[in-house]
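Q: Sending over a structure as structure tokens; questions will come in a sec.
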Amino acid sequence: MDLVTLRRDVHSHPEPAFCELRTAALVLSHLRKLPVRIRTGALALGGIPAYPDDATLERFADLAIHSGADAGDVATLAREGTAIVADLEGSRPGPTWALRFDMDALPVTEAAGATHFPAAQGFRSAYEGFMHACGHDGHVAIGLGLAERLSDRDFPGTVRFLFQPAEEGGRGARAMLGADVVEGVDRFAAVHLGLDLPAGTVAAGITGIFATTKMRARFTGVASHAAAAPQDGRNALLAAATAVLGIHGLPRFSTADTRVNVGTLHAGGNVNIVPALAELTCEARSRDGAVNAELTERVKQVLRGAALAQGVTVDIEETGGSTSLTCDDELLDAVLAAASGHETVRLHEMGGSDDASLFAEAVQRAGGLATYIVVGGGNPAPHHNPYFDVDESALPVAVDVLAALIR
Ligand SMILES: [Zn+2]
Ligand SMILES: [Zn+2]
């Protein structure tokens with residue numbers, strides 16, 4: 001299995017959250033050649049916020065089949081969801097590991113100029129408007145490469161490969177946890193490429209990961225003539241605008257770093273009508289999970305208060321989220337030992353969020369250990385940028401380090 005070929009194939013077919021049909025079918029086709037126990041439909045489909053509608057899934061299913069994916073597998077994955085779990089048993093007793101590999105791409109239009117390596121090398125996104133701009137194409141290749149490497153079963157315990165959909169936006173891990181995918185797991189690790197580390201440098205863990213909650217609020221009021229009967233209207237736009245200022249006006253916490261952002265606001269219908277509808281999306285973040293939970297509650301309080309002030313109703317939906325993560329020292333030591341011979345750092349400062357933290361939390365709560373490994377990819381542009389890329393020399397480094405960690 002050639003890691004670079006695999007990565008480029010996935011890179012040129014980027015699929016957004018829960019639409020990873022071609023990618024998951026590719027994962028299945030490789031796993032079937034290995035001595036693993038495969039579980040499809042490894043997620044609780046009910047209650048996933050903003051899950052893609054049938055037309056969207058059909059579109060990506062067509063694209064997948066037309067670019068070589070098995071039609072039967074694509075149909076199964078479209079019906080059951082794209083999460084895949086594969087268990088590989090070692091030849092002697094030992095711990096059960098769970099390793100997370102996320103598969104989703106982003107709604108970003110990839111750069112086309114010759115300075116962008118994937119464009120120059122002919123493996124730029126074939127799906128206009130979508131791009132692997134976070135390195136998850138590499139993660140898929142690493143996961144499959146590792147499964148192949150360990151298929152001699154010369155290691156203690158069991159390795160459970162979690163091929164996860166929808167990391168971006170924080171919905172995939174929660175849905176997979178709903179299907180009990182880390183039950184009985186003793187050690188958890190996620191691996192991420194890039195994060196501004198030099199190519200090949202290995203960080204055994206991360207620090208400063210943000211817990212986050214994504215929310216959507218819909219305000220519903222009453223439309224009315226803006227001049228003839230404004231008193232009969234109930235102004236949803238005003239309520240939303242009040243909420244925007246209120247959310248950004250929430251106090252900071254002295255106990256932990258926090259962020260708030262209102263990212264979108266759409267309201268009203270016409271210049272001479274009291275606006276009856278408004279919708280906004282916002283997020284809370286904190287490096288402390290409990291503080292994020294309290295900040296989230298305060299954001300909701302502002303949303304409800306603003307609605308009350310204007311006599312409108314508000315419907316608040318949590319559309320995604322993840323928690324913070326403290327990497328366990330024992331695993332940090334183990335990763336550093338496995339990565340001897342490479343440039344290493346013990347902890348890398350992470351400026352964002354990743355819902356792998358939810359898997360980690362579940363494993364740690366049950367008495368297990370967790371870490372989040374970073375393998376530098378010398379990325380020439382920031383994550384989620386049209387010029388993002390990873391140095392492919394990082395792929396075998398990640399496989400080597402993970403294999404050494406398991407053995
Ligand atoms: Zn990302
Ligand atoms: Zn990512």
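Q: Given a cut-off of under 8 Å on Cα pairs at least six residues apart, what relative contact order in percent is computed for the chain?
A: Averaging sequence separation for qualifying contacts and normalising by length gives 22 percent for the chain.
Q: Moving on. Report, as a whole number in µm² per second, the diffusion coefficient that Stokes-Einstein gives for the range 202-319 at 37 °C and 0.692 mPa s using the Kirkwood radius over alpha carbon pairs.
A: The Stokes-Einstein estimate is 217 µm²/s.
Q: Same structure again: Spelling out what I want: for every residue of the range 301-316, take phi, set θ = phi - 60°, compute 6.51 cos²θ - 1.76 cosθ + 1.60 (Karplus), and round to whole Hz; glycine and proline get x.
A: 4, 4, 4, 5, x, 5, 5, 4, 4, 9, x, 10, 9, 9, 10, 10
Q: Got a number for carbon plus sulfur as a percent of the chain's accessible area, 1.4 Å probe?
A: Details: 8230 of 16090 Å².
Carbon and sulfur: 51 percent of the exposed surface of the chain.
Q: Could you state the accessible area per residue of the range 161-245 in Å², with a 1.4 Å probe and every protein chain left in place?
A: Values: 2860 Å² over 85 residues.
Spelled out: the 1.4 Å probe surface of the range 161-245, per residue, equals 34 Å².
Q: For Asp180, Asp288, Asp137, give me the order by solvent-accessible area with a 1.4 Å probe, most accessible first, ignoring ligands, DNA and RNA.
A: Asp180, Asp288, Asp137
Q: Tell me the relative contact order for the range 228-354 as a rounded percent, counting alpha carbon contacts under 8 Å between residues six or more apart.
A: Once normalised by length, the contact order is 25 percent.
Q: Which shape class applies to the range 309-407: rounded if a/c is under 1.5, otherwise prolate when a/b exceeds b/c and oblate if not, where a ≥ b ≥ c are the square roots of the Cα gyration tensor eigenvalues?
A: It comes out oblate by the Cα gyration axes.
Q: Remind me, relative contact order of the range 300-381 in percent, using alpha carbon pairs under 8 angstrom and six or more residues apart?
A: 34 percent.
Q: Next up: Helix-only estimate, please: 222 nm mean residue ellipticity of the chain, summing -39500 (n - 2.57) across DSSP H runs of length 4 or more and dividing by its residues, to the nearest 500.
A: -10000 deg cm²/dmol
Q: Residues of the range 1-93: accessible area per residue at 1.4 Å, in Å²?
A: 43
Q: Along the range 81-97, what does the Karplus equation 6.51 cos²θ - 1.76 cosθ + 1.60 (θ = phi - 60°) give for ³J(HN,Hα), rounded to whole Hz, x for Gly and Pro?
A: Those phi angles translate into x, 9, 6, 10, 10, 10, 9, 10, 8, x, 8, 9, x, x, x, 9, 9 Hz.
Q: Compute the signed sum of charges (Lys and Arg +1, Asp and Glu -1) over the other residues within less than 9 Å, Cβ to Cβ, of Phe60.
A: -2
Q: List the residues, sorted by chain then number, that are 5 or more residues from Leu369 or on another chain and whose placed amide H is less than 5 Å from its amide H.
A: Under 5 Å from the amide H of Leu369: Arg187, Phe188.
Q: Continuing with the same structure: Taking only Cα atoms, what is the 0 to 90° angle, nearest 10, from helix 356-365's long axis to the longest principal axis of the chain?
A: 80
Q: Given the Cα atoms of the range 66-178, and with Rh set as the inverse mean 1/r over their pairs in the Kirkwood sense, what is Rg to Rh to two decimals? Walk me through the numbers before you get to the answer.
A: On the way: Rg = 16.7 Å, Rh = 16.2 Å.
Rounded to two decimals, Rg/Rh equals 1.04.
Q: Find the centroid of the Cα atoms in the range 207-270 and in the range 1-49, then give the distance between the two in whole Å.
A: 37
Q: Shape call for the range 8-62 from the C-alpha gyration tensor, a ≥ b ≥ c root eigenvalues: rounded (a/c under 1.5), prolate (a/b greater than b/c) or oblate? List each step's numbers first, then the result.
A: Working: a/c = 2.57, a/b = 1.32, b/c = 1.95.
Verdict is oblate for the range 8-62.
Q: Stick to Cα atoms and the Kirkwood definition of Rh, then tell me Rg/Rh for the chain.
A: So for the chain, dividing Rg by the Kirkwood Rh gives 1.01.
Q: Also, I was wondering about something else. Could you give each residue of the range 261-272 its phi-based ³J(HN,Hα) in whole Hz, using Karplus coefficients 6.51, -1.76, 1.60 with θ = phi - 60°, and x for Gly or Pro?
A: Per residue, the Karplus-derived 3J(HN,Hα) values read 8, 9, x, 9, 8, 10, 7, x, x, 8, 5, 10 Hz.
Q: Give the accessible area for Phe161 in Å² (nearest 10); use a 1.4 Å probe, count only protein heavy atoms, and leave out ligands, DNA and RNA.
A: Looks like 0 Å² after rounding.
Q: Non-local amide H neighbours of Thr319 (under 5 Å, H modeled in plane, Pro and chain starts lacking H): which ones?
A: Lys214, Met215, Arg216
Q: Compute the angle between helix 54-66 and the longest alpha-carbon principal axis of the chain, please, reported from 0 to 90 degrees and rounded to the nearest 10.
A: 30
The values are calculated or read from the model by the stated rules, or taken from the named source; none is laboratory data. Note that the structure is predicted; figures quoted are calculated from it, not measured. Counting neighbours? That spans all protein chains shown, and the Cβs are built from the backbone with ideal geometry, glycine included. Each accessible area value is taken on the protein alone, full model and side chains, heavy atoms only, with ligands, DNA and RNA left out. Shrake-Rupley method; radii C 1.70, N 1.55, O 1.52, S 1.80 Å.
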